[in-house]
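What follows is one structure encoded as structure tokens, with my remarks underneath.
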Amino acid sequence: MAYYSIFPEKDTTIYSHPDRTNMNTGRDEILELVEEKSNTGETYFTSRILMKFKNIDIKDVIENKLSGVAKEVTSNNLKICLNLYSTEHKQLANSHVIEAFPLSQSFNEGTHRYESNPPFIASGSLQAANGATWVHRTELTSSLWDTTNFNSQATGSYTFQAGGGAWYIGSDFRGENIFFENDNLDLDIDVTSIIQKFSSSFYTSAVYPDAITNNGFIIKNPSSVEEDSLSYGELSYFSTNTHTVYPPKLTFKWDDSSYSHSGTTLTSGDIFLSLYNNKSEFQRKSKQRFRLTTRKRYPDRTFVTSSNFLNVQYLPETSYYSVRDVETDEVIIPFDTEYTKLSANSDGMYFDLWMEGFQPERYYKLMFRVDNNDGINIYDEDYFFKIVR
């Protein structure tokens with residue numbers, strides 16, 4: 001499979017507004033980037049999102065899922081994107097730039113929600129919440145985010161309210177998503193270079209700037225936006241605690257296609273396409289190879305001693321697959337002309353899917369795209385399958 005997704009171990013939103021600096025939202029269904037007006041003046045206080053994916057999940061993709069040259073994590077053969085899916089947004093500005101950086105300090109998720117008031121601060125070792133807040137990284141009062149004396153490796157803090165995370169800086173440690181008000185507001189941030197730094201820490205003894213520990217990501221507005229006197233509205237995204245099909249994910253994309261055959265390539269005309277080995281259910285831990293039967297719907301009239309339907313025929317190399325959620329019609333894997341190419345060998349056309357990259361107990365639909373002399377052709381033949389635990 002040339003698309004493979006893993007889901008966060010933890011995520012939360014932290015708030016700099018004076019009423020919420022000690023509030024933890026580790027179990028809230030929503031993550032948000034907001035600019036909240038102060039209670040006493042024209043200052044707008046920002047929020048930031050923290051998110052972490054397990055080392056074991058990232059290593060599993062690198063060691064057991066990637067194939068060919070993509071075994072080595074570099075931007076030359078692999079693309080890794082941080083995806084967040086939008087929910088209700090409010091009072092948006094005309095354009096937005098959202099940044100993602102690797103955290104230089106660890107955090108705990110906590111179990112509170114936005115509506116929950118922080119518990120009373122009593123004497124002892126516990127702070128006002130049991131997980132990350134704007135001020136603290138964990139439940140310990142000693143776990144303050146770095147706010148001063150940053151070295152060349154990291155930065156952090158915030159002019160209007162000290163705290164809010166600490167992160168690595170530099171061009172290899174930053175991803176961004178630029179979009180406008182009428183664009184798709186889902187986040188699709190290229191973090192390939194950051195995951196490369198994580199992977200170097202797994203397998204070598206390298207240190208910064210060649211390798212860093214995976215403490216997770218911080219997702220935020222640029223500092224120029226966070227610290228101006230305007231509101232850019234509210235950007236809201238589903239968290240890993242959502243009860244929808246839109247949790248955040250880290251998506252690995254690579255080209256695993258192989259196209260080699262000596263048969264007839266169908267470059268035009270009415271093509272019949274059939275998926276002949278699709279099961280109704282697949283175990284989540286399985287990997288499945290799907291094969292396609294392709295031929296002209298109405299074969300040319302010829303005088304032969306065998307059936308035309310027995311000849312293996314092929315789609316052109318510019319053919320692709322896509323996967324959608326049946327219930328919501330959400331595109332899980334798009335027609336990606338670089339990373340979802342169909343393969344071909346002597347047995348016909350095929351492609352592979354790792355079922356573990358999908359959410360279990362849901363139905364999915366396969367669709368196909370063929371770019372040939374007639375143009376772009378989409379095939380939706382209602383091929384469904386279910387992922388079971």
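Is one or more of the residues making up region 240-259 under 29 Å from residue 52 (Cβ atoms), surrounded by 16 or more Cβ atoms within 10 Å (Cβ to Cβ) and small (Gly, Ala, Ser)? No.
Of everything in region 160-183 that is part of a loop (DSSP other than H, G, I, E, B) and either without any contact (Cβ under 8 Å) to a residue 40 or more places away in the chain or hydrophobic (A, V, I, L, M, F, W, C) (or both), the residue that is most open to solvent (accessible area, probe 1.4 Å) is 182. If you go through region 65-77 and keep only what is modelled with pLDDT of 80 or more and open to solvent by less than 30 Å² (accessible area, probe 1.4 Å), you end up with 65, 66. For region 4-22, which residues satisfy the criterion of being within 18 Å of residue 226 (Cβ to Cβ) and not in a strand (DSSP E or B)? Selection gives 16, 17, 18, 19, 20, 21. Scanning region 184-209 for residues that are open to solvent by 70 Å² or more (accessible area, probe 1.4 Å), at pLDDT below 90 and not hydroxyl-bearing (Ser, Thr, Tyr) turns up 184, 207.
No other residue among 101, 120, 107 is among the aromatic types (Phe, Trp, Tyr) and at pLDDT below 90 apart from 120.
Looking only at region 35-59, residues that are of a type outside the set (S, T, N, Q) and either without any contact (Cβ under 8 Å) to a residue 24 or more places away in the chain or in contact with a His (Cβ under 7 Å, 6 or more places away or on another chain) (or both) come to 4 in all.
Here is a yes/no grid of residues against (1) within 23 Å of residue 177 (Cα to Cα); (2) part of a loop (DSSP other than H, G, I, E, B); (3) in contact (Cβ under 8 Å) with a residue 40 or more places away in the chain:
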position: 194; (1), (2), (3): yes, no, yes
position: 206; (1), (2), (3): no, yes, no
position: 235; (1), (2), (3): yes, no, yes
position: 243; (1), (2), (3): no, yes, yes
position: 274; (1), (2), (3): no, no, yes
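Between 80, 49, 62, the distinction of being modelled with pLDDT of 90 or more, surrounded by fewer than 22 Cβ atoms within 10 Å (Cβ to Cβ) and either within 22 Å of the chain's Cα centre (by Cα) or part of a loop (DSSP other than H, G, I, E, B) (or both) belongs to 62 only.
Taking the criterion of being in contact with a helix residue (DSSP H, G or I) (Cβ under 7 Å, 6 or more places away or on another chain) and either touching a residue at least 60 places away in the same chain (Cβ under 8 Å) or open to solvent by 40 Å² or more (accessible area, probe 1.4 Å) (or both), would at least one residue in region 288-296 satisfy it? Yes: one or more hits. Free of Cβ contacts under 8 Å to residues at least 24 places away in the same chain, not in a loop (DSSP other than H, G, I, E, B) and not small (Gly, Ala, Ser), is that true of residue 32? Criteria not met by residue 32.
The values are calculated or read from the model by the stated rules, or taken from the named source; none is laboratory data. Values in this document were obtained by computation on a predicted structure and should not be read as measured data. We place every Cβ from the backbone using ideal geometry, glycine too, and count neighbours over all the protein chains shown. Please note that ligands, DNA and RNA were not included when accessible areas were found on the heavy atoms of the full protein model with its side chains. Shrake-Rupley method; radii C 1.70, N 1.55, O 1.52, S 1.80 Å.
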